Amino acid sequence: MKLYDAHNHLQDERFAGRQEALVAEARAAGVARMVVNGSCADDWPQVAALAQRHPGFVIPSFGLHPWYAPERKDDWLDQLIRWLDTPGAVVGEIGLDRWKPDLSWDGQEEAFVFQLAEAAHRNVPASIHCLQAWGRLVELLEQYPRPACGFILHSYGGSAELIERLAPLGAYFSLPGYFASEGKVRPREAFRQVPPDRLLIETDAPDQLLPAARQTHALEDAAGKLLNHPANLGAVYAFAAELLGEEVPALAERVERNFCRLFARPA
């Protein structure tokens, strides 16, 4: 089976320079490709370097995450456009966030719309983060140009009812292993309503750990805090198959088709 990670942050400094070992272990665990998402101008060079070292395996994704929108520099969009000229690049992580305490809304919508427009102009997928701002996100997606190829709702946490409104706009819905946790009943129920041709799987490594009993690869940061290893992707597939009542091989074939359809563009 080939496994496809629709969203992670392999460049994250918490991995402390262990990226090459993580890539080797992920490949050994069956990972065929992964989308590595930048969050701000400070980590875009690291994303590009990973893609250069692992062509055909790492898909570089560049975006200004809403957590960093209030502190963006004046030239952030010019910098982003230059990084998006990297061969095979897509857009992300972008989005809206009303969940994080003390995070200003100032600049979030403006940054999101700029980046969505750039994805539409290039017709490349955009990986979208949304927390407690679903109504406004849908309004902006309906109002502004979107990439014709589609976009990813990373770790989709919206309602099941909203799926019917988002799917016709081009949404793909990406499932993280963290939703296997005991309290995540509502998002699990939502994913049972995702159209079969719009399901993707992600690790969001180093974040969104699976429950301990489901993890296949252990990893810690320098302070001993547990991190999500990208090679846990197979365990996320197993959780998804259990959730949807499917066999893992059949699910993997379907996710492969979905992933390759969305990212079907020359590198």
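Annotations for the structure displayed:
Yes/no per residue for (1) open to solvent by less than 40 Å² (accessible area, probe 1.4 Å); (2) modelled with pLDDT of 95 or more:
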| residue | (1), (2) |
| --- | --- |
| Pro45 | no, yes |
| Leu50 | yes, yes |
| Phe57 | yes, yes |
| Glu71 | no, no |
| Leu80 | yes, yes |
| Pro101 | no, yes |
| Ser104 | no, yes |
| Tyr144 | no, yes |
| Gly150 | yes, yes |
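- Counted as qualifying within region 3-113 are the helices (runs of 4 or more DSSP H) with 2 or more residues that are of a type outside the set (Gly, Ala, Ser), more than 27 Å from Tyr237 (Cα to Cα) and in contact (Cβ under 8 Å) with a residue 24 or more places away in the chain, namely 44-53, 76-83.
- Test result for Phe263, touching a residue at least 60 places away in the same chain (Cβ under 8 Å) and open to solvent by 10 Å² or more (accessible area, probe 1.4 Å): yes
- Screening Leu175 against (1) open to solvent by less than 20 Å² (accessible area, probe 1.4 Å); (2) out of contact with any strand residue (DSSP E or B) (no Cβ under 6 Å at 6 or more places or on another chain); (3) aliphatic (A, V, I, L, M); (4) not in a helix (DSSP H, G or I) leaves a single unmet condition, (2).
- Hits in region 226-259 (condition: without any contact (Cβ under 8 Å) to a residue 40 or more places away in the chain and under 21 Å from Leu10 (Cβ atoms)): Leu226
- Tally, over region 106-132, of residues that are acidic (Asp, Glu) and modelled with pLDDT under 95: 1
- Only one entry in Ala29, Ala16 is in contact with a Gly (Cβ under 8 Å, 6 or more places away or on another chain) and not charged (D, E, K, R), namely Ala29.
- Residue within region 205-219 that is open to solvent by 10 Å² or more (accessible area, probe 1.4 Å), without any contact (Cβ under 8 Å) to a residue 12 or more places away in the chain and not in a loop (DSSP other than H, G, I, E, B) present: yes
- Count of region 178-204 residues which are over 26 Å from Ala32 (Cβ atoms), acidic (Asp, Glu) and assigned to a loop (DSSP other than H, G, I, E, B): 1
The values are calculated or read from the model by the stated rules, or taken from the named source; none is laboratory data. Everything numeric in this text was worked out from a predicted model, so none of it was measured. Note: ideal-geometry Cβ built from the backbone for every residue, glycine included; neighbour counts use all protein chains shown. SASA here: full protein model, heavy atoms, side chains in, ligands and nucleic acids out. Shrake-Rupley method; radii C 1.70, N 1.55, O 1.52, S 1.80 Å.
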